[in-house]
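Engineer: For reference, the structure I am asking about is given below.
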Amino acid sequence: MNRLLQLGLLLTLVATVHAQVQHDFWPGRERVIPHVSGDEMWSGTYKNWKDSEAVKKSMAAGMMSRDINFKDFRWLEKSFDGELKVDMGREVFHRKSSNGRSCATCHGENGEKLKGWYATQPRFSAKANRVIVAATQISICAKEHLSEDWPENTRNNSLLDMYLAYLSDGRDVDIDVTSGPMKEAYEKGRDLFFKRTGHFHFACASCHTGVTTQSYLRGQRPSTFFGDAAHYPIYHFPYRLPGDDVEDIFTLQHQIKSCQMLSRMLPGVEGSRTLTAIEVFLKASANGYKMSIPTQEYNMSTGYLLRDGL
Amino acid sequence: MRQFAKPLLAVAAICTAAAAQAQTAGSISGGDEMLDRIRAKWQPGGAEMIPQDVLTMFPCHDEELPCGKIPPPPVERVTFDGPLQGDAKRGEAIATNVRYGNCIACHILPGHEGGTIGPSLSEYSKRGMPLEYTYQRIWDVRAFNPYAFMPVYGPNRVLTDQEIRDVMVFIGTGGK
C-alpha cells in the first residue's frame, strides 16, 4: 500500500508538472526549422515574399499587405537615411585610435576582408568560448586592438554594426546550427522565444505566430519570425531605447529588447547569453533569405494602407 | 503491476484534481502590498517607463537570474459577485490606455478604432454573454484556453477587480 501511495504521488507530481508546463510555453516549438521557408508551416505566405521578385508580383497582383506577411513595406527599398549611417560607420571603421590602428588595419580598406561576414553571424567564438553576436565581436576587437570601450549598446558599436552588415548586402543569411554550441544556442533561443514571461504572461511567439501575425496590433504589424533578421540592423527613426545612444540604428539586439519592453517583459542585456541565443534563433529563421542593408522601419509609401483599406 | 494500473490512475486523478483546485486559489506572493507596488508603477504617468524591480517578480527570459526560474502564475478561476457596478468613463480610460488595460491594442471598442487581433467588442453588449463569462475571460483567459492570446489581467494584477468591472460597464456587457 505504501508503495502504491508513493507511485500515486509520483504520478500526481508528473501530472501536476505537466499541467504547469503547458502554460510555460506557447505551443509550436517542435514545428520550427532553421530556414526561411519554414514560414510555410506558419503563415503560409512564404511564396508571396520569398524574394524581391515575389514581393513585386504580389503587390502588382493587388495582394493585401497581410498576405505578404507585412514584408512589403520595407523589403524593396533601400533607406536614404540609412545610407548616411553606413557612411558614418565607414568613417568609424577607418578612424585611427590612440595606438595608431583602425579596424581597417586588420580587415582591409573598406572592409575588404569582411565582405559576407555579417551574413554568418552570430557564431561560436573560440576566444570568448561562447556564441556571440556581431556587436560583441566588435566590442572585443575594439578593446583588444584599439583600446576603445565600445560595448554592444553604444553609438560607435551600432554604427560599425550597420557598416559591417552593409558589407554583406545581397548575401544569403547562412548560419549553421546543426551541431555543437550553435545548435545549443539555437534551441535555447527557440525555447526562450516560445517561453511565456512578464507582466502580461506573453511569449515572443504570442505576437509573432498565430492570429496575431497578419493582424493589426493597433497601428503596428507583427509578422512571423521568418526572414526579418536578414534586414537588421535597420534605420529606425525616431526611436531610441531609454539610455541608449545608438544613432537611430536598430540592431537585432535592440529590437529584441524593445519588444521585451513593449510587452512588459524584463528587458535583457545586449550581448548577454540570453539575448544572443534569441538572436541565433531569429537569424537562423532567416537562413536562405537575402540580406538587404540599409532599410528602415517604415518606408515613405503608404500604399499598403490603401490596399488594406485601413 | 498491471492490475494496479487502474487504481493508481484513479488515485493520481484525485490528487491532480486536488492540486488543480489548490492552483485556483493562487495569487502573487506579497499580497496586496505587492499589488499596490505594481500598480503605482504602471498607472499612467508613473515615474518609470520600465519598472525593472516589478518585472523581476514575473517569469523572465534570462536563465541566469532568479526570475528565469519562476514558474508561470497559476490559473485563477474566479466567480463573479453581482451586481455589476462600475464607471464607464474610467473603464474607457483603462481600455484605451497603453499603460493600463490597453484592450484597444487588440480590439475595436465602442467608439474607438482598435487592433484586429481579437474580435470587435463594439457590439459586445448585443451578444448577451453572461457576466460570469466575461469577468473570467478578462481576469484569466487561460481558464477557457491555455493558449488564448489575452494578457492574464487578474493573476498578474494588471487590473483590479473594480477596474475589470469598470471595463465591463464600458463595453456594455449586456449580460445578466
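The values are calculated or read from the model by the stated rules, or taken from the named source; none is laboratory data. From a predicted model like this one, the values you see are computed outputs, not experimental measurements. As a convention, Cβ positions derive from the backbone with ideal geometry for all residues, glycine included, and neighbour counts pool all protein chains shown. When the accessible area is computed, the model is the full protein with side chains, heavy atoms only, and any ligands, DNA or RNA have been set aside. Shrake-Rupley method; radii C 1.70, N 1.55, O 1.52, S 1.80 Å.
Engineer: With the stretch A:37-94 as the region, which helices (runs of 4 or more DSSP H) entirely inside it contain at least 1 residues that are open to solvent by 60 Å² or more (accessible area, probe 1.4 Å)?
Structural biologist: It comes to A:46-49, A:52-60, A:80-94.
Engineer: Still on this structure, please answer the following. Would you check if B:D166 is charged (D, E, K, R), touching a Gly at 6+ places or on another chain (Cβ under 6 Å) and either modelled with pLDDT under 90 or farther than 25 Å from A:P27 by Cα (or both)?
Structural biologist: Values: charged (D, E, K, R): yes; touching a Gly at 6+ places or on another chain (Cβ under 6 Å): yes; either modelled with pLDDT under 90 or farther than 25 Å from A:P27 by Cα (or both): yes.
Yes, satisfied.
Engineer: Being modelled with pLDDT of 95 or more, more than 14 Å from every other protein chain (Cβ to nearest Cβ) and open to solvent by 20 Å² or more (accessible area, probe 1.4 Å) is the filter here; which residues of the stretch A:263-310 pass it?
Structural biologist: If the condition is that a residue be modelled with pLDDT of 95 or more, more than 14 Å from every other protein chain (Cβ to nearest Cβ) and open to solvent by 20 Å² or more (accessible area, probe 1.4 Å), then A:G288 is the only one that fits.
Residue-by-condition table, conditions (1) out of contact with any strand residue (DSSP E or B) (no Cβ under 9 Å at 6 or more places or on another chain); (2) crowded, with 24+ Cβ neighbours inside 10 Å:
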position: A:N99; (1), (2): yes, no
position: A:A104; (1), (2): yes, no
position: A:L114; (1), (2): yes, no
position: A:S147; (1), (2): yes, no
position: A:R155; (1), (2): no, no
position: A:D172; (1), (2): no, no
position: A:T197; (1), (2): yes, yes
position: A:H201; (1), (2): yes, yes
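Engineer: Then there is this: If a residue has to be surrounded by 16 or more Cβ atoms within 10 Å (Cβ to Cβ) and either in a loop (DSSP other than H, G, I, E, B) or more than 10 Å from chain A (Cβ to nearest Cβ) (or both) to count, how many in the stretch B:98-121 make the cut?
Structural biologist: 15
Engineer: Next question. Out of all the residues in the stretch A:259-273, which are of a type in the set (A, V, I, L, M) and closer than 15 Å to A:H199 by Cα?
Structural biologist: Once the filter is applied, which keeps residues that are of a type in the set (A, V, I, L, M) and closer than 15 Å to A:H199 by Cα, the stretch A:259-273 yields A:M261, A:L262, A:M265, A:L266.
Engineer: For the stretch A:179-192, which positions are more than 9 Å from every other protein chain (Cβ to nearest Cβ), in contact (Cβ under 8 Å) with a residue 40 or more places away in the chain and closer than 27 Å to A:T45 by Cα?
Structural biologist: If the condition is that a residue be more than 9 Å from every other protein chain (Cβ to nearest Cβ), in contact (Cβ under 8 Å) with a residue 40 or more places away in the chain and closer than 27 Å to A:T45 by Cα, then A:Y186, A:G189, A:R190, A:D191 are the ones that fit.
Engineer: Specify which of the listed residues (A:G100, A:G89, A:G116) is free of Cβ contacts under 8 Å to residues at least 40 places away in the same chain, among the small types (G, A, S) and not assigned by TED's automatic domain parsing to the domain that holds A:A284.
Structural biologist: Details: A:G89 fails: free of Cβ contacts under 8 Å to residues at least 40 places away in the same chain; A:G116 fails: free of Cβ contacts under 8 Å to residues at least 40 places away in the same chain.
None of the others qualify; the one that does is A:G100.
Engineer: Taking B:R142, is it facing another protein chain (nearest Cβ under 10 Å), in contact (Cβ under 8 Å) with a residue 40 or more places away in the chain and not in a loop (DSSP other than H, G, I, E, B)?
Structural biologist: It is true that B:R142 is facing another protein chain (nearest Cβ under 10 Å), in contact (Cβ under 8 Å) with a residue 40 or more places away in the chain and not in a loop (DSSP other than H, G, I, E, B).
Engineer: For the list (1) within 12 Å of another protein chain (Cβ to nearest Cβ); (2) of a type outside the set (V, I, T); (3) on the phi < 0 side of the Ramachandran plot, I need the number of the one condition that B:E132 fails.
Structural biologist: (1)
Results for (1) under 21 Å from A:L275 (Cα atoms); (2) part of a strand (DSSP E or B), shown as yes or no for each residue.
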site	(1), (2)
A:K113	no, no
A:V131	yes, yes
A:Q137	yes, no
A:I140	yes, no
